[in-house]
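Remarks on the structure that follows.
The values are calculated or read from the model by the stated rules, or taken from the named source; none is laboratory data. Every value quoted in this text rests on a predicted model; they were computed, and no experiment measured them. No Cβ is skipped: glycine too gets one built from the backbone with ideal geometry, and neighbour counts run over all protein chains shown.
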Amino acid sequence: MLRIVLWALIVSAVWLFQVWYNAWPGPWLFACVAALPPVLFLLSLPSMLALKIRLEGPGRVVRGTKTEYTLRFTNERLLPVHAVKLQLTLCNRYTENVTHESYRLRSLSSARLALPLPTEECGVISCRITRCELQDLLGLFVIRRSFDAELSCAVLPEAKEARVDLDAALDAVRVLKPKYGGGFAEEHDLRDYRPGDAPNSIHWKLSSKTDSLIVREALTPENCDVFLVLDEPGAGDEGLAVLRWLSSELLRREEPHFIVADSLYPVGNESESDAALISLLSSPMRQPCAFDMRTARCVFRVRGSEVHAE
C-alpha cells in the first residue's frame, strides 16, 4: 500500500511539473513515468509465472530429533522474482494441531530455504503452501499462484522399555481344536474312529491292542494371536513409545502379532511394525477398535507408560 501511495505522489509531482513547465520535456517525462509500471510488470511476468516451488524433507524421523525441511525455488527466466510472500500450513494429523507460518523472500532466481520441522509430538506432519503472492520489480502489482507442493513426515516415537514379563505372558495355556482338513500337526489327540476319517490318520499300532479303531486327530491352537492394544491414546502419550518397544521385543522373539488402534494391523516384521505406526499416526487419535478375544493367546494393554497383560 505504501508503494502505491508513493507512486501516486510521484505521478502527481511529474504532472504538476509538466503543467508548470509547458515545454516538450514535460509531457514526455509524464508519459515515461506513467508507462513505467506496466512495462516493468510485463517484464516481470514471465519470471513470476515460471517460478517453481518444491517442498523437500525426510519421510520419517524420531520424536525430539532436530529436523529441517526445505523450500526449493527454481526460476529459469533471466529476471528474478522481486518478492514472494508465502504462507505455509503445518498439520499434525494425529493430534490435529495446525500452525501457520508466513515468510517474505526477495530477489528469487534459484534458492533454497531451510525451515525447522516441529517434532515435539508424534504424528504424521503434512506441510503445504496455502497462499503465495508474487510481486513485480516495482512491487506495485501482485499475482497469486497455487502450488501442489506438499510434504509428509512421520514423527515416530523412540522405543521405551516397560516393566512387563513378556515370557510369562506368552506362556499362556493354549486352547487346541481339531485341525480343519486333518494332516500333520505338532499337537494331536486320540479318539475312536468315525466314518469319513482318512485311513492314514488311523493309529494302527494302538488299534491292534484294542477292539476298535483309534484315530490320531491333528490339533491346532484356537487362541494363537497376540494383541497389542493402545488404550486411552493422547497427545504426547508415552504409550506410543512403549507400543513400539513391545512390538520390537515380540518380533525379536519371532512372535507375529496385531497392533490394535483405530484399525487392526497385522505385524510380522520391523517394516510392517513401522508401517502400522505410521498408519495409525496418519489419522486423528481415537479409541481402539474391537477385535475377537476368542483367538487371543495374550493381550497387552498399553496405558501410558504401563503395560497390563491379560
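Candidates are the residues of region 255-310 that are more than 22 Å from the chain's Cα centre (by Cα) and among the aromatic types (F, W, Y); the one that is modelled with the highest pLDDT is F300. Flag: V242 matches the condition of being surrounded by 17 or more Cβ atoms within 10 Å (Cβ to Cβ), aliphatic (A, V, I, L, M), modelled with pLDDT of 85 or more and in contact with a Lys or Arg (Cβ under 6 Å, 6 or more places away or on another chain).
Picking from residues in region 270-287 that are within 9 Å of A154 (Cβ to Cβ) and not aliphatic (A, V, I, L, M), the one that is surrounded by the most Cβ atoms within 10 Å (Cβ to Cβ) is D274.
Per the conditions (1) without any contact (Cβ under 8 Å) to a residue 40 or more places away in the chain; (2) in contact with a Cys (Cβ under 7 Å, 6 or more places away or on another chain), the sole criterion not satisfied by R60 is (1).
Any residue that is within 16 Å of F147 (Cα to Cα) and of a type in the set (K, R) - is there at least one of those in region 83-99?
Yes, region 83-99 contains a residue that is within 16 Å of F147 (Cα to Cα) and of a type in the set (K, R).
Listed here are the residues, each with its yes/no results for (1) basic (K, R); (2) farther than 30 Å from A159 by Cβ; (3) in contact (Cβ under 8 Å) with a residue 40 or more places away in the chain.
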{"residue": "E68", "(1), (2), (3)": "no, no, yes"}
{"residue": "T74", "(1), (2), (3)": "no, yes, no"}
{"residue": "V84", "(1), (2), (3)": "no, yes, yes"}
{"residue": "V98", "(1), (2), (3)": "no, no, no"}
{"residue": "R106", "(1), (2), (3)": "yes, yes, no"}
{"residue": "R131", "(1), (2), (3)": "yes, yes, yes"}
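Note on region 154-173: among residues that are surrounded by 15 or more Cβ atoms within 10 Å (Cβ to Cβ) and among the β-branched types (V, I, T), the one that is nearest to L90 (Cα to Cα) is V155.
How about region 43-85: which of its residues are of a type in the set (A, V, I, L, M), under 19 Å from S107 (Cβ atoms) and either exposed (fewer than 14 other Cβ atoms within 10 Å of the Cβ) or out of contact with any Phe, Trp or Tyr (no Cβ under 6 Å at 6 or more places or on another chain) (or both)?
If the condition is that a residue be of a type in the set (A, V, I, L, M), under 19 Å from S107 (Cβ atoms) and either exposed (fewer than 14 other Cβ atoms within 10 Å of the Cβ) or out of contact with any Phe, Trp or Tyr (no Cβ under 6 Å at 6 or more places or on another chain) (or both), then L43, L45, M48, L49, A50, L51, L71, L78, L79, V81, A83, V84 are the ones that fit.
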